[in-house]
Every structure is written in structure tokens, then in C-alpha cells.
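One structure is given below, encoded as C-alpha cells.
The values are calculated or read from the model by the stated rules, or taken from the named source; none is laboratory data. It should be emphasised that the depicted structure is a prediction, and the values quoted were computed from it without experimental measurement. FYI the Cβ positions are ideal-geometry reconstructions off the backbone, even for glycines, and counts take in every protein chain you see. Note: areas computed on protein heavy atoms with side chains; ligands, DNA, RNA excluded. Shrake-Rupley method; radii C 1.70, N 1.55, O 1.52, S 1.80 Å.
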There are 2 protein chains.
Amino acid sequence: MKKETKKLDILRISGKKAENVKDIIVREYPITIVFNDVEIVTLLCSPNNLDYLAVGFLFAEGLINDKKEIKSLYSDDRKGVVWVETKKKNELAKDLLTRRFITTGCGKGISLVGILESGSDKRIKSGIKMKSTNILELMKTFQNKSRIHRLTGGVHSAAICNTEKILVFNEDIGRHSAIDKVIGECIMHDIEMTNHLVITSGRITSEILTKLARAKIPIVVSKSAPTDLGVKLAKDLGITLIGFARGSRMNVYSHSRRISDRQF
Amino acid sequence: MKKETKKLDILRISGKKAENVKDIIVREYPITIVFNDVEIVTLLCSPNNLDYLAVGFLFAEGLINDKKEIKSLYSDDRKGVVWVETKKKNELAKDLLTRRFITTGCGKGISLVGILESGSDKRIKSGIKMKSTNILELMKTFQNKSRIHRLTGGVHSAAICNTEKILVFNEDIGRHSAIDKVIGECIMHDIEMTNHLVITSGRITSEILTKLARAKIPIVVSKSAPTDLGVKLAKDLGITLIGFARGSRMNVYSHSRRISDRQF
């Protein structure tokens with residue numbers, strides 16, 4: 001496993017003082033995912049849990065649906081490559097990906113249009129309910145867990161929780177990749193996601209919603225802001241979107257029926 | 001011009017209080033860039049200054065080098081499209097972009113390998129020097145300027161400055177697009193960038209460095225963290241990289257010779 005941080009010599013200036021010190025900074029590493037012998041993407045990410053990253057990414061892309069479809073999964077972090085092979089080969093994968101990557105920006109390739117057009121059959125119907133105090137407690141635990149962020153200030157983190165505790169936690173320099181890693185980890189360890197919530201340190205944009213919709217996760221909580229398109233998708237997809245969850249406060253942007261102690 | 005923010009009804013929870021209030025949130029909008037009749041990318045961004053965004057993006061991609069190469073530039077923010085046509089058509093653009101977008105992740109397509117292999121000829125030699133106090137003053141002004149961020153907490157901002165003041169300032173939900181917009185604005189208004197500095201609210205990753213190298217900008221300042229690959233590129237490319245510039249403090253990660261009052 002490559003180390004996620006690195007020590008560097010820097011010049012630290014503070015008021016009139018300037019000194020050469022050692023500083024810990026976060027690593028950024030290009031990782032290429034090879035899917036059935038096709039090199040489909042290179043992600044700039046934190047070099048840990050590459051298997052989860054690859055599985056979560058391929059799942060978000062619709063290239064795998066289930067752990068059982070995977071024939072082999074092998075990562076080499078020195079080479080920066082993850083190889084994934086499925087039992088059944090999808091001949092369309094290459095064309096599909098080419099098209100997708102040309103028509104999206106920072107989104108790691110998920111087709112926004114597909115989700116927007118998908119309509120009510122994709123709506124998440126989970127009956128999970130949680131207390132707002134409960135959610136804020138989980139957020140507090142989440143924030144104390146972020147080891148690399150405490151060291152470097154340079155990463156995002158994501159977690160998947162049940163109503164009681166954090167089940168899966170990952171950090172990555174990219175907010176999309178942190179989400180891919182927690183979803184990938186759930187898939188690999190057969191953890192059901194449909195009655196769980198996801199916590200993220202990052203802003204909630206449309207691309208995050210499309211990843212959650214695919215995993216059928218009914219609640220997303222962030223300490224940061226959402227975008228209007230994120231909120232629109234959350235409303236359409238039946239996902240409870242909570243932003244600015246800090247201290248004893250939070251904003252609920254959609255489907256507040258799942259907050260059991262503060263209904264209106 | 002589409003409005004960058006939107007009012008929405010939300011449920012605000014604060015301790016034991018819950019109330020329905022209006023909240024202002026940032027807009028996220030898909031914008032497609034059509035370059036010489038080829039649809040090359042759709043960026044999820046803030047719907048303002050789309051011309052600057054397109055020019056900055058195409059410049060970063062190496063598809064245009066100069067304002068003079070542009071034959072026509074037209075944007076329709078209702079349709080979410082920017083059309084750019086150049087006088088000379090580059091037949092390779094389509095192939096080049098297909099390849100690039102498959103092999104990069106969140107990077108909006110810049111080929112990292114190309115930059116890493118580029119060697120010393122790409123090194124920025126600018127002799128600009130600045131006082132650290134001066135840089136921190138500019139950072140303070142920069143942070144007070146961020147109108148949409150103050151309203152929504154949901155955007156990044158970027159600026160290009162000379163040693164005295166901010167010349168160009170833009171906000172966008174994406175940290176890459178905010179940089180593309182300021183560089184695009186400089187290109188369109190014939191503002192030299194080679195003796196200037198760029199300020200960004202976002203983390204400084206490898207992809208930000210490749211954009212700055214292309215514009216030959218010698219100094220980059222952020223209130224946030226860099227990554228190790230960002231620092232490596234800054235060292236190799238001759239760029240002064242400053243992170244965690246807050247209050248009276250900053251960390252200088254590379255080429256501190258350009259800080260005139262705090263040399264070691």
C-alpha cells in the first residue's frame with residue numbers, strides 16, 4: 001500500500017518569522033482502471049483502497065451491477081493500475097465509455113441525461129426514518145475520523161452508516177472518488193445500502209446524486225452546500241438531501257419526511 | 001445571463017427548532033462546448049461568463065493558443081451551449097480529445113503525462129518578486145470579493161493579479177472552471193499573464209498546475225492545501241506554489257526565491 005501522505009521541506013511564513021520546516025502533505029496519484037482489457041479511465045486519487053475505488057467507479061458507470069459479476073480483481077499500486085474482469089463481457093462498454101467521457105466534464109463519466117430522463121421508476125422508496133439529533137451525532141463521529149484530513153487538510157471523506165453507526169469510511173483527494181470507495185467497499189462486503197445513509201465532506205452536486213441513486217441510498221448528509229441541480233435530482237429521485245450539517249444545525253432540502261423528530 | 005443562484009424552500013433545523021424558510025443556493029448548469037462543429041465536452045458549472053470558460057478551457061487543452069485564432073465565439077445560456085470556431089481547422093482535435101478524455105478523470109482532459117514529460121523547456125523563468133505581506137493583502141481582498149460564495153457557500157473563486165491588485169475575478173462551482181474563466185478572460189482582453197499571480201480558493205492539484213503552466217503564470221496562491229503531485233509539478237515547472245495563505249501565515253512549497261521579504 002502506498003502511503004497517503006508525504007513529508008516535504010517547505011518555507012513557513014508567519015508574520016515576520018520565516019522558517020524551513022518539514023510539512024506533511026497529501027499524495028495525489030494517477031490510477032488507471034482496466035476493465036476487460038480496455039483502459040477506461042485514469043483517476044487522480046489517493047492511493048489507498050484501489051479495489052474499492054475501481055468497483056465503486058464501475059458500479060456508478062453501470063458497467064457492473066453486482067459483486068457476483070466480477071471474475072477477477074487485481075491492483076498494483078506501484079504501477080498505478082487496477083484490472084477488473086467480469087464473467088460476461090459487455091461488447092458495448094468501449095463505445096459507451098467513449099461517448100460518456102466526451103460528454104461529461106468533471107463527472108467521471110456518469111450520464112446526467114440518463115438519470116434526468118429516468119423518471120419515477122428510479123425513485124427511492126426506502127421507509128428509513130432518523131432523528132436529526134442522531135444524524136448530527138453521526139456527523140460528529142465522522143468528522144473526528146478523518147485522519148488524513150487532520151494531517152494535511154487536503155482530502156475529502158465519505159461514510160456509509162446505518163441508523164446507529166458508521167459502517168464504512170474512506171478518504172480521497174477527490175470527493176467523487178471518496179464516494180466511489182465507500183460504495184465499492186459495501187459491494188465487496190455485501191453490505192446492503194438501501195436503508196442506510198451516506199455522509200460526505202464535500203459539496204452535493206448532481207454527479208454525487210447520480211452515484212447515490214444507482215446504489216439506492218435514501219439519505220445524504222454533508223457539512224457543505226448542495227447545488228440547485230443536486231437538490232432537483234434529490235427531489236426527483238426520492239433522496240433526502242441534508243446540507244450544512246454542523247453542530248446542532250442542518251438544512252433539509254428534500255424529502256424531510258425521513259427526519260422523524262422535526263417534521264413539518 | 002442566467003442567475004447564478006436560486007431561492008428554494010427548505011426545512012432549517014437548529015437545536016429543537018425546525019422551520020420552513022427560503023434559502024439561496026448556487027446553481028449548477030450543464031454547458032456544452034462545441035469546437036469547430038465538434039461537441040467536445042459538457043461541463044457542470046456556474047452559468048456566467050461562458051465565453052471566458054470556453055476560451056480558457058480550449059486554451060488549457062491546447063486547442064487554441066491565442067485570441068487571434070478565434071473566428072467566432074457565441075454562447076446561448078438558455079440552450080447551455082458555447083460555439084467556438086477557429087480560422088484554421090485542426091483535423092486532429094476530435095481524435096486528440098477522444099483519447100484525452102478517456103485517459104483522464106476529473107481533470108477536464110489535460111494530458112498529465114504530456115506535462116510531466118515536457119522537461120525543462122516548459123520551465124517558467126519569470127523574474128517577478130513579491131512581498132509575502134503583499135500577497136496576504138491580495139488574498140484578503142480576494143476573499144472579501146466572493147459574492148456568490150457569501151450567499152451560498154457553494155462556489156470556488158479564482159483571480160489573476162499583478163503585484164498591486166486583482167485584475168480579473170471569477171466564481172464557479174468547479175475549481176477547474178474558475179481557473180479556466182480567469183485565464184479565458186485574460187486571453188480575451190489581452191492581459192499578459194507571465195508576470196502575474198493567480199489566487200484560488202481551491203486545493204492545488206496537478207491539474208491546476210498544468211493549466212497555469214500553459215498560461216505561463218509564475219505564482220499560485222491558495223488558502224487551501226496542495227497535493228504532492230501539485231508540488232512536484234510546481235518545482236519542475238518553475239512555479240512558486242503557496243498554500244494555506246490565511247491571516248498573516250502561508251506555506252511556500254516551491255521556488256521561494258520569488259518571495260522578496262522572507263528569503264532563506
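Of all residues in the stretch B:26-52, count the ones that are under 18 Å from residue B:156 (Cβ atoms) and touching a Gly at 6+ places or on another chain (Cβ under 7 Å). Walk me through how you get there before you give the answer.
Filtering the stretch B:26-52 down to residues under 18 Å from residue B:156 (Cβ atoms) leaves B:26-31, B:43-50, B:52.
After this cut, where a residue has to be touching a Gly at 6+ places or on another chain (Cβ under 7 Å) as well, the list is B:26, B:28-31, B:43-45, B:52.
Within the stretch B:26-52, residues that are under 18 Å from residue B:156 (Cβ atoms) and touching a Gly at 6+ places or on another chain (Cβ under 7 Å) number 9.
Collect the residues in the stretch A:80-108 that are modelled with pLDDT of 85 or more and within 14 Å of chain B (Cβ to nearest Cβ), keeping them in residue-number order.
Selection gives A:80, A:81, A:82.
For the stretch B:11-36, give me each residue that is free of Cβ contacts under 8 Å to residues at least 12 places away in the same chain, surrounded by fewer than 17 Cβ atoms within 10 Å (Cβ to Cβ) and either over 28 Å from residue A:258 (Cβ atoms) or basic (Lys, Arg) (or both).
First, pick out the residues of the stretch B:11-36 that are free of Cβ contacts under 8 Å to residues at least 12 places away in the same chain: B:11-20.
In the following step, the residues that additionally are surrounded by fewer than 17 Cβ atoms within 10 Å (Cβ to Cβ) were identified as B:14-17, B:19-20.
Within the stretch B:11-36, B:16, B:17 qualify.
Could you go through the stretch B:187-202 and let me know if any residue there is assigned to a helix (DSSP H, G or I) and over 22 Å from residue A:208 (Cβ atoms). Spell out the reasoning first.
Taking the stretch B:187-202 first, the residues assigned to a helix (DSSP H, G or I) are B:187-188.
Adding the requirement that they be over 22 Å from residue A:208 (Cβ atoms) leaves B:187-188.
Checking the stretch B:187-202: at least one residue is assigned to a helix (DSSP H, G or I) and over 22 Å from residue A:208 (Cβ atoms).
Can you tell me which residue in the stretch A:200-221 is surrounded by the fewest Cβ atoms within 10 Å (Cβ to Cβ), limited to those that are within 14 Å of chain B (Cβ to nearest Cβ) and over 17 Å from residue A:168 (Cβ atoms)?
Checked the stretch A:200-221; the qualifying residue surrounded by the fewest Cβ atoms within 10 Å (Cβ to Cβ) is A:210.
Take residue A:236 and tell me if it is open to solvent by 10 Å² or more (accessible area, probe 1.4 Å) and more than 9 Å from chain B (Cβ to nearest Cβ).
Values: open to solvent by 10 Å² or more (accessible area, probe 1.4 Å): yes; more than 9 Å from chain B (Cβ to nearest Cβ): yes.
When the stated conditions are applied, residue A:236 passes them.
Looking at B:125, B:140, B:145, B:129, which is the one that is more than 14 Å from chain A (Cβ to nearest Cβ), in contact with a helix residue (DSSP H, G or I) (Cβ under 9 Å, 6 or more places away or on another chain), surrounded by fewer than 17 Cβ atoms within 10 Å (Cβ to Cβ) and over 21 Å from residue A:202 (Cα atoms)? I'd like the intermediate steps shown before the answer.
Working: B:125 fails: in contact with a helix residue (DSSP H, G or I) (Cβ under 9 Å, 6 or more places away or on another chain); B:140 fails: in contact with a helix residue (DSSP H, G or I) (Cβ under 9 Å, 6 or more places away or on another chain); B:145 fails: in contact with a helix residue (DSSP H, G or I) (Cβ under 9 Å, 6 or more places away or on another chain).
Every option except B:129 fails the conditions.
Name the residues in the stretch B:134-182 that are over 23 Å from residue B:230 (Cβ atoms) and hydroxyl-bearing (Ser, Thr, Tyr), would you?
Within the stretch B:134-182, B:141, B:152, B:163 qualify.
Taking the conditions exactly as written (within 27 Å of residue A:31 (Cα to Cα), assigned to a helix (DSSP H, G or I) and either facing another protein chain (nearest Cβ under 10 Å) or out of contact with any His (no Cβ under 8 Å at 6 or more places or on another chain) (or both)), does residue B:151 satisfy them or not? Don't jump to the end; show me each part of the working.
Details: within 27 Å of residue A:31 (Cα to Cα): no; assigned to a helix (DSSP H, G or I): yes; either facing another protein chain (nearest Cβ under 10 Å) or out of contact with any His (no Cβ under 8 Å at 6 or more places or on another chain) (or both): yes.
No: the conditions fail for residue B:151.
Mind checking which pairs have a first residue in the stretch B:37-60 that is without any contact (Cβ under 8 Å) to a residue 60 or more places away in the chain and within 19 Å of residue B:186 (Cβ to Cβ) and a second that is part of a strand (DSSP E or B) and open to solvent by 10 Å² or more (accessible area, probe 1.4 Å), Cβ under 6 Å, 6 or more apart or different chains?
Matching pairs, first to second residue: B:50/B:75.
Restricted to the stretch A:158-199, and to residues that are within 14 Å of chain B (Cβ to nearest Cβ) and of a type outside the set (D, E, K, R), which residue is nearest to residue A:125 (Cα to Cα)? Write out each step before concluding.
We begin by selecting, within the stretch A:158-199, every residue within 14 Å of chain B (Cβ to nearest Cβ); these are A:171-181.
Okay, now just the ones that are also of a type outside the set (D, E, K, R), so A:173-174, A:176-179.
Working: A:173: 32, A:174: 29, A:176: 24, A:177: 26, A:178: 25, A:179: 21 Å.
Within the stretch A:158-199, the match that is nearest to residue A:125 (Cα to Cα) is A:179.
Out of all the residues in the stretch A:17-41, which are over 30 Å from residue B:253 (Cβ atoms), touching a helix residue (DSSP H, G or I) at 6+ places or on another chain (Cβ under 8 Å) and not hydrophobic (A, V, I, L, M, F, W, C)? Write out each step before concluding.
Taking the stretch A:17-41 first, the residues over 30 Å from residue B:253 (Cβ atoms) are A:34-40.
Add one more test, that the residue is touching a helix residue (DSSP H, G or I) at 6+ places or on another chain (Cβ under 8 Å), and what stays is A:35-36, A:38-40.
A:36, A:39 - these are the residues of the stretch A:17-41 that are over 30 Å from residue B:253 (Cβ atoms), touching a helix residue (DSSP H, G or I) at 6+ places or on another chain (Cβ under 8 Å) and not hydrophobic (A, V, I, L, M, F, W, C).
Against the conditions (1) closer than 24 Å to residue B:249 by Cα; (2) over 16 Å from the mean Cα position of the chain (by Cα), where does residue B:123 fall short? Just the number, please.
Among (1) closer than 24 Å to residue B:249 by Cα; (2) over 16 Å from the mean Cα position of the chain (by Cα), the lone unmet condition for residue B:123 is (1).
Among the residues of the stretch B:21-52 satisfying the criterion of being over 17 Å from residue B:73 (Cα atoms) and acidic (Asp, Glu), which is nearest to the other protein chains (Cβ to nearest Cβ)?
Selected residue: B:28.
Working only within the stretch B:37-47, note down all residues that are crowded, with 20+ Cβ neighbours inside 10 Å and of a type in the set (A, V, I, L, M).
B:40, B:41, B:43, B:44 - these are the residues of the stretch B:37-47 that are crowded, with 20+ Cβ neighbours inside 10 Å and of a type in the set (A, V, I, L, M).
Just to be sure before I move on: is residue B:241 without any contact (Cβ under 8 Å) to a residue 40 or more places away in the chain, among the hydrophobic types (A, V, I, L, M, F, W, C) and within 12 Å of chain A (Cβ to nearest Cβ) in the structure I sent? Give the steps one after another, and end with the answer.
Details: without any contact (Cβ under 8 Å) to a residue 40 or more places away in the chain: yes; among the hydrophobic types (A, V, I, L, M, F, W, C): yes; within 12 Å of chain A (Cβ to nearest Cβ): yes.
In short, yes.
Run down B:260, B:248 and say which single residue is over 19 Å from residue A:8 (Cα atoms), within 11 Å of chain A (Cβ to nearest Cβ) and open to solvent by 10 Å² or more (accessible area, probe 1.4 Å). Can you show your working first?
On the way: B:260 fails: within 11 Å of chain A (Cβ to nearest Cβ).
Of B:260, B:248, the one residue that is over 19 Å from residue A:8 (Cα atoms), within 11 Å of chain A (Cβ to nearest Cβ) and open to solvent by 10 Å² or more (accessible area, probe 1.4 Å) is B:248.
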